[in-house]
Structures are given as C-alpha cells and as structure tokens.
Amino acid sequence: MPRAPSSPRASPKAQATAAQAKDIDAQLASADRHCLDHGLKLTSGRKAVLQALLRRGGTAKAYELLADLQSGGASVAPMAVYRSLDFLVAHDIVHKVASNSSFVYCQHDHHRHHEPSFLICERCGSATEWDAEGCHAVVAQALKATGFAVHGIEIQGLCAGCAQTDKLTTPATRGNR
Ligand SMILES: [Zn+2]
Ligand SMILES: [Zn+2]
C-alpha cells in the first residue's frame, strides 16, 4: 500500500498526528512481535484492521472500521474485517466487548491471556478496559453457589467526562432526594 507523502512543513496539528502515528507504529510492531513469538501471522489485512482500530483511539465498532478501510476507495469485504477481528480477539491483541459489540485494543502487557473487564459508558458508548482483579475474585466467590463461571465483568454507567457533563447540564430541578 503506498504511503501518503509527508509534508516537510508540518503544522502543530500534523505534529500531534505524527506523534500519534508513532504510537500506532509502536503498537503495530508490538502486535507483530506477539504474532511472531506465537507462530502466527499478522497479515496485511489483519494489520490494516488493527491500524484502523488504533487510529480511532483503540476502540471502535466493526462497521466503523469497515467504513474507514473503505474510505480510501479500497474494496474491503465486511467478512474480511470480521475475520481479522476474530483473529485479533482470539490472540489477545484486541478484546470484544459483549454488551455493546465494540472492539478494544488491549493496553495490557502484550499480550498475556486474560479475561478482560470493561467500564461501558451508556452516553458516549466508550468502553475502557479495567483491571478488575480484586473485584473479579469477589464476584466469582459470590456466584460460586450458582455454578456460574465468571470470565469478565462489564459495568454500565457514565464515564468521567459524561458524568461531569451530566452534572453541568442537569440543574437541581428534579427536587430534593
Ligand atoms: Zn486486555
Ligand atoms: Zn461517556
């Protein structure tokens, strides 16, 4: 795939983008290494999907990634994107968030297998991976009698940004509580 030529006179905004691009390159290299170490292949198609996810800040829905990949005029089959995501999820590079069907790049030490837990914002739809280790044990213990095996915990609520906006835009008109 040809790369866009970089401008010699970078604006501050372009510089920020260059820094982001550097991060993305590092994350792609890390995924590459992880695959090599495990005898897997990060094909160009899988890499393109991962790159699109990272460009969206590490969290996106499958259709958004498809749109991004197609935006350059390339013909990308939806099935190819889903298969690439399946691969990335199966090998702990990306997690799937069950309750909102989004995909999240794993920020953890690449890429030991773990059961991810998420904080999901009902307002903006963001899903943040959360280290639930202590909580996980408590929930597993509480559910022991049911025989239910806990794999991950997904908590719904408002992210800090949305909770703050909520406070500012909801004056105390709902009476006292
Ligand atoms: Zn993770
Ligand atoms: Zn939010």
Listed residues Ala67, Ala90; which is farther than 15 Å from Arg46 by Cβ and more than 16 Å from ligand 2 (Cβ to nearest atom)?
Ala67
Only residues that are outside any helix (DSSP H, G or I) and surrounded by 10 or more Cβ atoms within 10 Å (Cβ to Cβ): list them for segment 156-171, please.
Gln156, Gly157, Leu158, Cys159
Cys106 hydrophobic (A, V, I, L, M, F, W, C) and within 15 Å of ligand 1 (Cβ to nearest atom):
yes
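If a residue has to be in contact with a Ser or Thr (Cβ under 7 Å, 6 or more places away or on another chain) and open to solvent by less than 60 Å² (accessible area, probe 1.4 Å) to count, how many in segment 55-73 make the cut?
So the first thing to find is which residues in segment 55-73 are in contact with a Ser or Thr (Cβ under 7 Å, 6 or more places away or on another chain), and the list is 59-61.
With open to solvent by less than 60 Å² (accessible area, probe 1.4 Å) added as a condition, the list becomes 59-60.
Of the residues in segment 55-73, 2 are in contact with a Ser or Thr (Cβ under 7 Å, 6 or more places away or on another chain) and open to solvent by less than 60 Å² (accessible area, probe 1.4 Å).
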Residue in segment 101-147 that is most open to solvent (accessible area, probe 1.4 Å), counting only those that are within 16 Å of ligand 2 (Cβ to nearest atom) and touching a helix residue (DSSP H, G or I) at 6+ places or on another chain (Cβ under 7 Å):
Arg123
Since Ser84 meets every condition but one in (1) of a type in the set (S, T, N, Q); (2) open to solvent by 40 Å² or more (accessible area, probe 1.4 Å); (3) closer than 24 Å to Gly125 by Cβ; (4) out of contact with any strand residue (DSSP E or B) (no Cβ under 6 Å at 6 or more places or on another chain), which condition does it not meet?
(2)
Given the criteria among the β-branched types (Val, Ile, Thr), over 18 Å from Ala31 (Cα atoms), crowded, with 19+ Cβ neighbours inside 10 Å and away from ligand 1 (no atom under 12 Å from the Cβ), does Val76 qualify?
yes
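Mind listing just one residue for me: the one in segment 26-54 that is among the small types (Gly, Ala, Ser) and more than 24 Å from Ser101 (Cβ to Cβ) and, of those, most open to solvent (accessible area, probe 1.4 Å)?
Within segment 26-54, the match that is most open to solvent (accessible area, probe 1.4 Å) is Ser44.
The values are calculated or read from the model by the stated rules, or taken from the named source; none is laboratory data. Just so it is clear, the structure is predicted and the values come from calculations on it, not from any experiment. No Cβ is skipped: glycine too gets one built from the backbone with ideal geometry, and neighbour counts run over all protein chains shown. When the accessible area is computed, the model is the full protein with side chains, heavy atoms only, and any ligands, DNA or RNA have been set aside. Shrake-Rupley method; radii C 1.70, N 1.55, O 1.52, S 1.80 Å.
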